[in-house]
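Have a look at the structure below before the remarks.
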Amino acid sequence: MFLKHSISDPVAAGIERRKEPRLECRRPARLLLLSTGEARDGMLLDVSGRGARFLLADAIPTGIAVRVDVGEQLLLGDVVYCRKETEGFMAGVDLSHTVFEAPATA
């Protein structure tokens, strides 16, 4: 007999599906919601080759595309979850592109 379990948030349930190592970094980040043009400041907590986790003051909708600016790095991806935590809202982004901006020349 097989039991089916419905898990709405695998990360919260403690199931690790990550195929690449996660690197903790705690860096300030700005997320731009591409559908509305709204910007949200937050903290990049960790990143892997395919995803990133952020701590935000306000919730953001799941399923939308975002541009993330972290220092000289530009990340593009889709919000896959956003849940209330004690410190604010934890959001996960599935990354599709990472770009390193070239330093400005004088």
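The values are calculated or read from the model by the stated rules, or taken from the named source; none is laboratory data. What you see is a predicted model; the values in this text were computed from it and never measured. FYI the Cβ positions are ideal-geometry reconstructions off the backbone, even for glycines, and counts take in every protein chain you see.
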Hey, can you tell me all the residues within segment 62-91 that are more than 15 Å from Leu44 (Cβ to Cβ), of a type in the set (Val, Ile, Thr) and within 11 Å of the chain's Cα centre (by Cα)?
Thr62, Val80
Only residues that are more than 14 Å from Val79 (Cα to Cα), among the aliphatic types (A, V, I, L, M) and at pLDDT 90 or above: list them for segment 16-38, please.
Ala29
Residues located in segment 37-63, provided they are assigned to a loop (DSSP other than H, G, I, E, B), surrounded by fewer than 17 Cβ atoms within 10 Å (Cβ to Cβ) and touching a residue at least 12 places away in the same chain (Cβ under 8 Å):
Ser48, Gly49, Arg50, Ala57, Asp58, Ala59, Pro61, Thr62, Gly63
Take the residues in segment 85-99 that are β-branched (Val, Ile, Thr) and surrounded by 15 or more Cβ atoms within 10 Å (Cβ to Cβ), then tell me which one is modelled with the lowest pLDDT.
Thr98
